[in-house]
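> One structure coming up, written as structure tokens, with questions to follow.
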Amino acid sequence: MSEKRKSQFGTPSWAQVREKMELRKEKRLNNKRKREEEEKKKLEENNSNNNVSNNENKENNDNKEGKIEKEEKVEGKEEEKKEKLLPRRKVALLVAYSGEGYQGLQKNPGAKTIEDDLIDAFIKTGCIHSGNQGDDFFSKVSWSRAARTDKGVSAVGNVIALKMMTDPEETLVERINANLPPAIRILKFYRTLNGFHAKNAADSRVYEYLIPTSALVPILENNTPSFSPERLEKVRTILKLFEGTHNFWNYTVSQKFEDSDSLRFMKSIQVFLSNHIELSF
């Protein structure tokens, strides 16, 4: 009987037997490879554990100075984390300052400004984290100012708004002033909404100018200026013409005549003589 017929009656053919033998052989080889890989993996793990143990022993033998330095670094990082966790609140600060010796209020690289001294004081007081410093500092702390002042110009009531760490609030003003030069003082602070913007919230501003009488009268032949009561009234009459809404485009740099920002409303202009000094605002 042929191989084919025997396989039909349940007797395996030689081809089937050889196939089964090959499968068993391949299975044995796979199991052997698997065992070898497991043994290799265990050996590597043992070597790794030995290396870790050796490294730990080496670290334990380091000198005390290295350990102290490491501990100080860790403590410094923990303190930074604590600082970052302190809540920041939006506040408006009422500021007074003398502009003498300053190149203006607004921070300007290479120039001494009021804002430079304010920022330094906030950092020393702990109101602002030193890590906030950089090109995007003002956006990070949501800084805004009610009005900018030029070189040598003083202010008795400007407003600076920003987000800062205020706790404890009872001593905030005193703590900041302790780190400010005598020419700058924080008068008060107010908690505000997060969207508060000092410039946009200002509905008016008051400016005061000190003008010598010699600038308002003609020089006589004997070079002695004469400022009479009539002259004072004439100055008042002229300056009254600026009250109300007018276009001040000629005093701007980038505005156009038709821009609404070129319009300004003057509430009042008052002039009075005091101790031979004209005050106008």
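> Would you mention how many residues in the range 217-253 are modelled with pLDDT of 80 or more and within 27 Å of D150 (Cβ to Cβ)?
The total comes to 18.
> Just name the residue that is surrounded by the most Cβ atoms within 10 Å (Cβ to Cβ) out of those in the range 91-132 that are part of a helix (DSSP H, G or I) and hydroxyl-bearing (S, T, Y).
It comes out as T125.
> Considering only the range 152-176, how many residues are within 30 Å of Y209 (Cβ to Cβ), in contact with a Lys or Arg (Cβ under 8 Å, 6 or more places away or on another chain) and either open to solvent by 30 Å² or more (accessible area, probe 1.4 Å) or hydrophobic (A, V, I, L, M, F, W, C) (or both)?
Counting residues in the range 152-176 that are within 30 Å of Y209 (Cβ to Cβ), in contact with a Lys or Arg (Cβ under 8 Å, 6 or more places away or on another chain) and either open to solvent by 30 Å² or more (accessible area, probe 1.4 Å) or hydrophobic (A, V, I, L, M, F, W, C) (or both) gives 5.
> Just for the range 133-151: of the residues that are under 16 Å from A121 (Cβ atoms) and in contact with a strand residue (DSSP E or B) (Cβ under 7 Å, 6 or more places away or on another chain), which one is most open to solvent (accessible area, probe 1.4 Å)?
Taking the candidates together, the pick is R145.
The values are calculated or read from the model by the stated rules, or taken from the named source; none is laboratory data. Note that the coordinates shown come from a computational prediction; the quantities given were computed from them, not determined experimentally. Cβ atoms come from the backbone with ideal geometry, glycine included; neighbour counts cover every protein chain shown. Each accessible area value is taken on the protein alone, full model and side chains, heavy atoms only, with ligands, DNA and RNA left out. Shrake-Rupley method; radii C 1.70, N 1.55, O 1.52, S 1.80 Å.
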